[in-house]
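Asks: One structure, as structure tokens, below. Some questions next.
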Amino acid sequence: MINGAATSLGRVPIVLDIYAERDLARGTYTESEIQEFVDDFVMKLRTVKFARTKAYDQLYSGDPTFITTSMAGMGADGRHRVTKMDYRFLNTLDNIGNSPEPNLTVLWTDKLPYSFRRYCMHMSHKHSSIQYEGVTTMAKDGYGEMSCISCCVSPLDPENEEQRHNIQYFGARVNVLKALLTGLNGGYDDVHKDYKVFDIDPIRDEVLDFDTVKANFEKSLDWLTDTYVDALNIIHYMTDKYNYEAVQMAFLPTKQRANMGFGICGFANTVDTLSAIKYATVKPIRDEDGYIYDYETIGEYPRWGEDDPRSNELAEWLIEAYTTRLRSHKLYKDAEATVSLLTITSNVAYSKQTGNSPVHKGVYLNEDGSVNLSKLEFFSPGANPSNKAKGGWLQNLNSLASLDFGYAADGISLTTQVSPRALGKTRDEQVDNLVTILDGYFENGGQHVNLNVMDLSDVYEKIMNGEDVIVRISGYCVNTKYLTPEQKTELTQRVFHEVLSMDDALG
């Protein structure tokens with residue numbers, strides 16, 4: 001990760017395992033001593049701190065260092081890459097306690113040993129601090145046997161000089177819902193009506209027509225992606241000019257292939273808005289100047305995450321339309337545009353800059369010009385459905401697996417909270433069912449999942465009272481005591497699945 005927030009650890013466990021096996025065979029160290037070395041190493045990783053501005057914390061709360069440690073995966077020869085060192089790193093959660101760092105990441109496939117997959121699910125059930133990424137999905141896009149995860153959920157291939165990327169120029173994300181809403185108002189900001197963002201014809205219909213809105217939105221996306229690319233090209237050129245990361249570059253292959261990691265925020269609400277306009281009736285509410293400040297939505301419509309082909313199709317169109325525009329530009333050092341559906345904790349910050357949409361309540365201005373947050377409904381994180389979606393956990397997984405990873409090769413992040421009782425009656429049954437569910441998700445096209453196994457009733461008071469609760473959020477792990485009150489509220493408003501499927505609830 002170049003010029004970004006993270007410097008990940010890569011595939012260190014598999015390399016350390018070579019030396020650990022040698023020392024075990026020679027009798028130099030015992031297994032317990034090697035585990036102690038790993039515990040000490042992890043403790044050192046947990047002490048890493050960065051000097052950051054206060055504003056940074058609004059986007060990346062909890063002071064994360066993103067020391068993403070990748071383990072398991074598959075070799076090119078068809079053998080799995082699970083080592084004893086993978087077990088040792090996961091075992092530190094028991095030995096020295098749960099913590100957000102390092103960002104433990106298992107490269108998952110149903111071809112990994114069942115005992116290892118079961119151990120991972122046991123540890124996730126116990127600690128909720130491990131993320132999983134689908135090897136099969138990423139391999140289809142060319143990521144090889146030594147691929148690892150950079151920053152949060154983004155695959156890189158450090159040793160590969162030909163096929164995929166070995167460095168990334170970080171690019172955060174932009175608010176696509178705000179672009180849609182601003183376009184409907186003729187390029188005037190969706191919160192600040194006197195601020196002209198870009199020039200476009202406004203929508204004057206009394207009932208929004210899908211084809212008209214789609215054409216308007218595509219023009220808004222043109223402006224958004226043009227501006228986004230210009231900003232990142234300038235940022236990375238100037239950073240390299242004045243603060244070239246020579247030490248890190250020295251560890252990379254001679255030939256480098258870079259991607260530029262663009263992103264999306266407000267994904268679910270944008271898909272839901274398009275769906276409401278297409279399948280329900282949406283009436284804009286205007287002031288005396290014709291400015292749209294709210295919407296009336298009448299009727300039913302499919303939401304993202306309900307595994308409905310209609311909303312899935314809109315989601316696929318959105319990510320393809322967005323990525324195709326980015327790829328039409330020349331990027332710094334001939335980087336390739338990749339896209340992530342990932343927000344960290346910035347979904348809260350972006351929500352506070354967005355007005356009402358047909359599917360949610362946003363912010364609005366008081367008479368004195370200050371921003372009123374009293375009715376604000378937060379964006380869902382990453383590629384998560386909104387908390388208004390009717391789908392159960394399995395419907396959520398199926399929707400995400402339907403997205404083409406080729407258009408979002410920087411990561412499609414799902415953060416899920418599932419109740420233990422939804423998984424079975426006994427701990428063994430719950431763990432076995434988790435293995436089966438993740439096998440199916442990743443083999444059907446899923447790329448990433450943050451897995452939290454917990455009941456909201458068990459953790460709500462702890463989270464709101466500022467006690468130590470370690471949870472996976474969008475792309476990394478955080479101790480909730482470091483979240484802002486708004487971020488805690490957003491976290492507890494997310495869907496905590498008590499059923500795997502809506503069929504179970506209806507039955």
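Asks: State, to one decimal in nm², a quarter of the convex hull surface area for the C-alpha atoms of the range 74-125, i.e. the direction-averaged projected area. Write down the numbers at each step before the final one.
Replies: Numbers: hull surface 15.5 nm².
If I average the Cα hull's projected area over directions, I get 3.9 nm².
Asks: Now for a separate question. Counting Lys +1, Arg +1, Asp -1, Glu -1, what net charge surrounds residue 291 among other residues with beta carbon under 14 Å of its beta carbon?
Replies: On the way: positive: 193, 196, 204, 286; negative: 189, 190, 194, 287, 288, 289, 294.
Around residue 291, the surrounding residues sum to -3.
Asks: Normalised by the residues of the chain, what does the relative contact order come to in percent, with Cα pairs under 8 Å and at least six apart? Don't skip to the end; give the middle numbers.
Replies: On the way: 1046 pairs, mean separation 91.0, N = 507.
So the answer I get is 18 percent.
Asks: What are the residues whose amide H is under 5 Å from the amide H of residue 344, where those residues sit 5 or more places off or on another chain and H is modelled from the backbone?
Replies: 382, 474
Asks: Could you go through the range 432-447 in sequence order and give the Karplus-derived ³J(HN,Hα) for each residue, using 6.51 cos²θ - 1.76 cosθ + 1.60 with θ = phi - 60°, rounded to whole Hz, and x for Gly and Pro?
Replies: Running phi through 6.51 cos²θ - 1.76 cosθ + 1.60 with θ = phi - 60° gives 4, 5, 4, 4, 4, 5, 5, 4, x, 4, 6, 6, 9, x, x, 10 Hz.
Asks: Which order results if 249, 74 are arranged by neighbouring Cβ count within 10 Å, fewest first? Mind showing how you got there, number by number?
Replies: Values: 249 12, 74 21.
Neighbour counts put them in this order, fewest first: 249, 74.
Asks: How many angstrom lie between the Cα centre of the range 333-384 and the Cα centre of the range 470-496?
Replies: 16
Asks: For the chain, give the magnitude of the charge dipole about the Cα centre (Cβ charges: +1 Lys/Arg, -1 Asp/Glu; no others), in debye to the nearest 20.
Replies: Numbers: 50 positive and 72 negative charges, 184 e Å.
Approximately 880 debye in magnitude.
Asks: Going by C-beta contacts inside 10 Å, put 123, 238 in order with the fewest on the left. Provide the component values of the computation, followed by the final result.
Replies: Details: 123 21, 238 11.
So the ranking, lowest neighbour count to highest, is 238, 123.
Asks: Any idea what the relative contact order of the range 65-154 is, in percent, if you count C-alpha pairs under 8 Å spaced at least 6 apart? Don't skip to the answer; put the middle values down first.
Replies: Working: 111 pairs, mean separation 35.4, N = 90.
Worked out over the range 65-154, it gives 39 percent.
Asks: Which one, 406, 491, 444, is farthest towards the positive end of the dipole of the range 368-507 when Lys and Arg carry +1 and Asp and Glu -1 on their Cβ?
Replies: Toward the positive end, the furthest listed residue is 491.
Asks: Just report the Cα centroid separation between the range 258-310 and the range 396-418, whole Å.
Replies: 19
Asks: Further question: What list of ³J(HN,Hα) couplings, whole Hz, do you get for the range 370-375 from phi and the Karplus terms 6.51, -1.76, 1.60, once you set θ to phi - 60° and write x for glycine and proline?
Replies: Values, residue by residue: 6, 8, 9, 9, 5, 10 Hz.
Asks: Taking amide H atoms as placed 1.01 Å from N in the peptide plane, list the residues 5 or more away in sequence, or in a different chain, whose amide H sits under 5 Å from that of residue 372.
Replies: It is 364, 365, 366, by chain and number.
Asks: Please tell me the relative contact order of the range 83-235 in percent, rounded to the nearest whole number, where contacts are Cα pairs under 8 Å and at least six residues apart.
Replies: Details: 138 pairs, mean separation 19.8, N = 153.
Taking the mean separation of contacting Cα pairs over the length of the range 83-235, I get 13 percent.
Asks: Something else now. Under 5 Å between amide H atoms, partner at least 5 residues away or on a different chain: which partners does residue 295 have, H built in plane at 1.01 Å?
Replies: Under 5 Å from the amide H of residue 295 lie the amide H atoms of 285, each far enough along the sequence or on another chain.
Asks: Provide 206, 467 in ascending order of the number of other Cβ atoms located within 10 Å of each residue's Cβ, fewest first. Can you show the working numbers first?
Replies: Working: 206 7, 467 12.
Taking fewest neighbouring Cβ atoms as first place, the list is 206, 467.
Asks: Kindly flag which residue pairs out of 193/390; 178/241; 219/488; 361/488; 178/214 have an alpha-carbon separation exceeding 25 Å in this structure. Walk me through the numbers before you get to the answer.
Replies: Numbers: 193/390 34 Å; 178/241 33 Å; 219/488 36 Å; 361/488 19 Å; 178/214 14 Å.
As for pairs spanning more than 25 Å Cα to Cα, those are 193/390; 178/241; 219/488.
Asks: I'd like the distance separating the alpha-carbon centroids of the range 15-63 and the range 184-222, in whole Å.
Replies: Between the Cα centres of the range 15-63 and the range 184-222 lies a distance of 50 Å.
Asks: Mind listing the phi-derived Karplus ³J(HN,Hα) values for the range 469-482, rounded to whole Hz, using 6.51, -1.76 and 1.60 with θ = phi - 60°, and x for any glycine or proline?
Replies: After applying 6.51 cos²θ - 1.76 cosθ + 1.60, I find 9, 8, 9, 7, 10, 6, x, 8, 10, 8, 8, 5, 5, 8 Hz.
Asks: Report, please, the projected area of the range 174-372 averaged over directions, based on the convex hull of its C-alpha atoms, in nm². Please report the intermediate quantities before stating the final value.
Replies: Details: hull surface 54.7 nm².
Over all viewing directions, the range 174-372 projects a mean Cα-hull area of 13.7 nm².
Asks: Give the residue from 90, 344, 473 lying farthest towards the positive end of the charge dipole for the chain; charges sit on Cβ (+1 for Lys and Arg, -1 for Asp and Glu) and the dipole is referred to the Cα centre.
Replies: So the residue we want is 90.
Asks: Which three extents, in whole angstrom, do the alpha-carbon atoms of the chain cover along their principal axes, largest first?
Replies: Computed over the Cα atoms, the extents are 83, 59, 42 Å.
Asks: Can I ask one more? What does the convex hull of the Cα atoms of the range 152-229 come to per residue, in Å³, rounded to a whole number? Walk me through the intermediate numbers first.
Replies: Working: hull volume 10.9 nm³, N = 78.
Per residue, the Cα convex hull of the range 152-229 comes to 140 Å³.
Asks: Tell me the mean residue ellipticity at 222 nm calculated for the chain from its helices only (DSSP H runs of n ≥ 4, each -39500 (n - 2.57), averaged over every residue, nearest 500). Walk me through the numbers on the way to the answer.
Replies: On the way: 18 runs with 205 residues, N = 507.
Estimated from H runs of four or more residues: -12500 deg cm²/dmol.
Every number here is computed from the coordinates shown, using simple stated rules; none is lab data. Note that the structure is a prediction, hence the values are computed from the model and not measured. Methodologically, a virtual Cβ is constructed for each residue, glycine included, from the backbone with ideal geometry; neighbour enumeration extends over all protein chains shown.
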